[in-house]
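In what follows, a single structure is set out as structure tokens and then discussed.
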Amino acid sequence: MIKFIKNFRNDEDGAVTVDWVVLTAAVVGLAAAGVAAIKGGTDTLAASTVTAMTS
């Protein structure tokens with residue numbers, strides 16, 4: 001039982017998982033911020049394109 005507790009305490013697999021979750025959340029957050037930053041410009045461009053094609 002003591003050996004199991006020592007192995008459990010020294011096991012770092014959970015810490016690596018937490019690192020990957022944090023990194024993935026950061027990438028998703030940056031992607032969402034990037035989409036939000038260019039959304040207004042693409043909406044304007046799309047509206048201009050529609051206007052040019054219909055006239």
| task | Scan segment 4-36 residue by residue and report those that are open to solvent by 80 Å² or more (accessible area, probe 1.4 Å) and among the hydrophobic types (A, V, I, L, M, F, W, C). | result | Phe4, Ile5, Phe8, Val18, Trp20, Val21, Val22, Leu23, Val27, Val28, Leu30, Val35
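Mind telling me which of the residues Thr24, Thr49, Thr17 ends up being of a type in the set (S, T, N, Q) and under 15 Å from the mean Cα position of the chain (by Cα)? Reasoning before the result, please.
On the way: Thr49 fails: under 15 Å from the mean Cα position of the chain (by Cα); Thr17 fails: under 15 Å from the mean Cα position of the chain (by Cα).
Unique residue meeting the criteria: Thr24.
If only one of Gly29, Gly41, Gly14 is in a helix (DSSP H, G or I) and modelled with pLDDT under 85, which one is it? Please lay out each step first, then the result.
Values: Gly29 fails: modelled with pLDDT under 85; Gly41 fails: modelled with pLDDT under 85.
Only one candidate passes the filter, namely Gly14.
The values are calculated or read from the model by the stated rules, or taken from the named source; none is laboratory data. Note that the coordinates shown come from a computational prediction; the quantities given were computed from them, not determined experimentally. Quick note on the areas: whole protein, heavy atoms, side chains included, nothing else; ligands and nucleic acids left out. Shrake-Rupley method; radii C 1.70, N 1.55, O 1.52, S 1.80 Å.
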